[in-house]
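All of the numbers you see were taken from the coordinates with simple rules; none came from a lab. Note that the structure is a prediction, hence the values are computed from the model and not measured. Cβ: placed from backbone, ideal geometry, glycine included. Neighbour counts: every protein chain shown.
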Amino acid sequence: MNKVLEEISKIGIVPVIALDEAKDAKPLAKALIDGGLPCAEVTFRTAAAEESIRIISKEFPEMLVGAGTVLTTEQVDKAVAAGAKFIVSPGLNPEVVKYCVDKNIPVCPGCSNPSDIEQAISLGLDVVKFFPAEAAGGLAMIKAMSAPYVNMKFMPTGGINAKNLNEYLGFKKIIACGGSWMVKSDMIKAGEFGKITALTKEAVELMLGFELRHIGINSEDEKAAEKTATDFCDLFGFAKDERSASIFAGTGLEIMKMQGRGKFGHIAIATNSVERAVYHLTKRGCVFDYDSATYDNDGKIKFIYIKEDMGGFGVHLVNK
């Protein structure tokens, strides 16, 4: 997977926007960035698309802006010249895909059946757009279709919304979802950019799904940990679960058998994706201790501590 698509996978959501007027490009891009999604697919279905991409690229160089609904090689050239960093198309046009591949332009063509995928593989791709996602069978179709193609990843678009977003993202062969529910055309036309920012923030928090997993309490030694755990379990009826370095009292309290991380202990925050959470929290100024990180078989972070303690507690992220 190329670097652009790797970053998209960490962002998780690609807002799909259609701009009728280029004057809306700058405030819309700012609204998305302020909401936590520094990414957009600007569709080439309108006359303002090329200029909109140019404005966004110039005003917000940190934003990952791409061109969508690209149907011809001429549109590829216009989009890239305007500053597009990736190309998306509704279907798989071999001429367009080969043109992009030969020029090292990240391209994600629409595929909805095995024949499309095999053609994409023959053209050297390892990520495709699944479109129209819900109408073409949704997540069940992606799971069924992906089984024979072990190295292919998907970016479903079409019918994705706040209700089904995490269901899609929970499948490891999906790198991100395209969606427009936070950037609806009527909101853009009405200049409701504050509302777009709010909906974007809601989408990001929904995707990350932060929740308290447990609190860790430090102890002087194993004997002290045993007493604390027993007291909690006897008083509140929690189940005791002893492990090598700690004793759990129920699922919400972890009593350490030593002076662990943090002055008082640690707090575990669960998330739908530690990998994406690290990306988004870093954008918010959070600094992580990468020496504490552990990784899954795909090389993605599954556990990591925030570098600085919070309220005397170490804080780490863990996958749900």
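Most mobile of Asn297, Asn218, Asn164 per a Gaussian network model of the chain (Cα springs, under 10 Å)?
Asn297
For the stretch 242-305 and the stretch 151-184, what is the centre-to-centre distance using only Cα atoms, to the nearest Å?
First find each Cα centre; the distance between them is then 26 Å.
What does the charge dipole of the stretch 3-208 about its Cα centre add up to, to the nearest 20 debye, if the Cβ of each Lys and Arg holds +1 and the Cβ of each Asp and Glu holds -1?
Numbers: 22 positive and 24 negative charges, 57 e Å.
The dipole of the stretch 3-208 has a size of about 280 debye.
Kirkwood Rh and Cα-based Rg: tell me the resulting Rg over Rh for the chain, rounded to two decimals. Could you put the intermediate results ahead of the total?
Numbers: Rg = 22.9 Å, Rh = 21.4 Å.
Rg/Rh for the chain comes to 1.07.
So for the chain, taking the charge dipole from beta-carbon charges (+1 Lys/Arg, -1 Asp/Glu), which of Val88, Thr228, Val315 sits furthest toward the positive end?
Towards the positive end, the residue furthest out is Val88.
Suppose we keep just the DSSP beta bridges with both residues in the chain; what percent of those would be antiparallel, to 5?
Working: 21 of 53 bridges.
Within the chain, antiparallel bridges account for around 40 percent of the total.
Would you mind checking which residues have amide H under 5 Å from Val107's amide H? H placed 1.01 Å from N; only 5 or more apart, or other chain.
Sorted by chain and number, the residues that satisfy this are Ile87.
Could you work out the per residue convex hull volume over the alpha carbons of the stretch 13-56, in cubic angstrom?
Working: hull volume 2.3 nm³, N = 44.
Enclosed volume per residue, from the Cα hull, is 53 Å³.
Could you give each residue of the stretch 95-109 its phi-based ³J(HN,Hα) in whole Hz, using Karplus coefficients 6.51, -1.76, 1.60 with θ = phi - 60°, and x for Gly or Pro?
With the stated coefficients, the stretch 95-109 comes to 5, 5, 5, 4, 4, 5, 4, 4, 9, 6, 9, x, 9, 10, x Hz.
Tabulate in residue order the Karplus-calculated ³J(HN,Hα) for the stretch 74-84, using 6.51 cos²θ - 1.76 cosθ + 1.60 with θ = phi - 60°, rounded to whole Hz; enter x for Gly and Pro.
5, 5, 4, 4, 5, 5, 5, 4, 7, x, 5
How big is the convex hull of the Cα atoms of the stretch 211-319, per residue, in Å³?
Numbers: hull volume 12.1 nm³, N = 109.
Here the figure is 111 Å³ per residue.
Arrange the peptides 140-150, 201-211, 175-185 so that the one whose residues have, on average, the most other Cβ atoms within 10 Å appears first. Don't skip to the end; give the middle numbers.
On the way: 140-150: 14.1, 201-211: 16.8, 175-185: 21.5.
Highest mean packing first, the order is 175-185, 201-211, 140-150.
What Kirkwood Rh does the stretch 116-172 have if only Cα atoms enter the pairwise 1/r average? Answer in Å.
Numbers: mean 1/r = 0.0858 Å⁻¹.
After inverting the pairwise mean of 1/r, the radius is 11.7 Å.
Treating the stretch 180-258 as a set of equal point scatterers at the Cα positions, no solvent, please give the Debye-formula log₁₀ I(q)/I(0) at q = 0.18, 0.23, 0.27 Å⁻¹.
For the requested q values the scattering log ratios are -0.70, -0.94, -1.12.
Please work out the Kirkwood hydrodynamic radius for the stretch 1-160, using every pair of different C-alpha atoms, and report it in angstroms with one decimal place. Each step should come with its number before you reach the end.
Working: mean 1/r = 0.0635 Å⁻¹.
The answer is 15.7 Å.
Using amide H atoms built in the peptide plane, which far-off residues or other-chain residues are under 5 Å from Lys173 H to H?
The answer is none.
Using +1 at the Cβ of each Lys and Arg and -1 at the Cβ of each Asp and Glu in the chain, identify which of Tyr149, Phe264, Ile33 lies farthest towards the dipole's positive end.
With unit charges placed on the Cβ atoms, the residue in question is Ile33.
What Kirkwood radius, in Å to one decimal, follows from the Cα pairs of the stretch 106-251?
Working: mean 1/r = 0.0523 Å⁻¹.
For the stretch 106-251, the Kirkwood estimate is 19.1 Å.
Give the separation of the Cα centroids, the stretch 29-102 to the stretch 192-210, in Å.
22 Å
Give the value in nm², to one decimal: projected area of the alpha carbon convex hull of the stretch 238-286, averaged over all directions. Spell out each step's value before the answer.
Working: hull surface 18.9 nm².
The orientation-averaged projected area of the Cα hull of the stretch 238-286 comes to 4.7 nm².
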